[in-house]
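Novice: Below you'll find the structure I mean.
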């Protein structure tokens, strides 16, 4: 049976060629070429193959396998291709995003990674890893944190995921963002519209204040509306297209939000409001005035059809 092609390893030849150049001339300049090649692959959503110890009780948990050198240092092993990996003894392995592996390495006691230890190898020390991450300073993959109500509570994780997607719009990131949106709550700017009777009552109160003690006399007074107040979502226009705005938090609206009432709704409720809006919106725009991200109308049904990642929620809906 033909082996499945791993597209995330494509273009890792860039790293291999940089290492070969280093073997031709071992210089600081050529070390920097290797670091640039690794950084380039990070931006392309590149993976390496990592031999691992898998947790038998938890399928998605693992620890990197290490190699100990004569000086007593322990280096995690990494491979640019299946061919390089298969030069050594068989073991469990994972294809894993490069930048996340580098960050995980710094959280352990490992001295770094040895790339392609059975071929033209390169010792990517902790110092060099820190240089890569410091130079770049950004996340390129949405974390695999378990989706819980607590994680989504204040909208900061959703905002972080949107920022990562804007920076690195890969298929995996978009799928993860869709799953996060499926379970998120968002804030919607609305115009509060009173009934004609309530508006007439309010206008009379304002006129009486103007004719009497002044508008300041209204401060502290309570008015009870007789009819329901309608909350009509605001719509943004860009050229000939209309967009339904939502925000990861009420604060994210900034000065724009000062002109509206703010209501919090589940994202799927926001989808329904957008679909049924008379403006025939082209999509939902998230955080329109800070770091906007558009969810096209065409994928509303895809998000709505996804299963909840929060345990028990699907059964309760």
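Novice: So, of the residues in region 278-303 that are farther than 15 Å from residue 169 by Cβ and in contact (Cβ under 8 Å) with a residue 60 or more places away in the chain, which turns out to be surrounded by the most Cβ atoms within 10 Å (Cβ to Cβ)?
Specialist: That would be 287.
Novice: So residue 118 ticks every box in (1) within 26 Å of the chain's Cα centre (by Cα); (2) free of Cβ contacts under 8 Å to residues at least 40 places away in the same chain; (3) over 23 Å from residue 158 (Cα atoms) but one. Which box is left unticked?
Specialist: If we test residue 118 against (1) within 26 Å of the chain's Cα centre (by Cα); (2) free of Cβ contacts under 8 Å to residues at least 40 places away in the same chain; (3) over 23 Å from residue 158 (Cα atoms), just (1) comes out false.
Novice: Is one or more of the residues making up region 237-247 assigned by TED's automatic domain parsing to the domain that holds residue 304, buried (at least 16 other Cβ atoms within 10 Å of the Cβ), part of a loop (DSSP other than H, G, I, E, B) and modelled with pLDDT under 95?
Specialist: No, every residue in region 237-247 fails to be assigned by TED's automatic domain parsing to the domain that holds residue 304, buried (at least 16 other Cβ atoms within 10 Å of the Cβ), part of a loop (DSSP other than H, G, I, E, B) and modelled with pLDDT under 95.
Novice: Looking for whichever is crowded, with 19+ Cβ neighbours inside 10 Å and outside the structural domain of residue 73 (by TED's automatic domain parsing) here; the options are 155, 112. Which one fits?
Specialist: That would be 155, the only listed residue that is crowded, with 19+ Cβ neighbours inside 10 Å and outside the structural domain of residue 73 (by TED's automatic domain parsing).
Novice: Still on this structure, please answer the following. Counting just the residues of region 14-49 that are in contact (Cβ under 8 Å) with a residue 12 or more places away in the chain, surrounded by fewer than 16 Cβ atoms within 10 Å (Cβ to Cβ) and out of contact with any helix residue (DSSP H, G or I) (no Cβ under 7 Å at 6 or more places or on another chain), which one comes out farthest from residue 100 (Cα to Cα)?
Specialist: Checked region 14-49; the qualifying residue farthest from residue 100 (Cα to Cα) is 23.
Novice: Return yes or no: is residue 272 assigned by TED's automatic domain parsing to the domain that holds residue 160 and without any contact (Cβ under 8 Å) to a residue 12 or more places away in the chain?
Specialist: Answer is yes for this residue.
Novice: Quick one: which of 78, 83, 63, 74 is closer than 29 Å to residue 168 by Cα, in contact with a strand residue (DSSP E or B) (Cβ under 8 Å, 6 or more places away or on another chain) and surrounded by fewer than 19 Cβ atoms within 10 Å (Cβ to Cβ)?
Specialist: Going through 78, 83, 63, 74 in turn, just one is closer than 29 Å to residue 168 by Cα, in contact with a strand residue (DSSP E or B) (Cβ under 8 Å, 6 or more places away or on another chain) and surrounded by fewer than 19 Cβ atoms within 10 Å (Cβ to Cβ): 63.
Novice: Kindly indicate which of 65, 39, 28, 21 is within 20 Å of residue 106 (Cα to Cα) and over 28 Å from the mean Cα position of the chain (by Cα).
Specialist: None of the other options fit; the residue is 65.
The values are calculated or read from the model by the stated rules, or taken from the named source; none is laboratory data. These numbers come from a predicted model, not from an experiment. In this analysis, Cβ positions are derived from the backbone assuming ideal geometry, glycine residues included, and neighbour counts consider all displayed protein chains.
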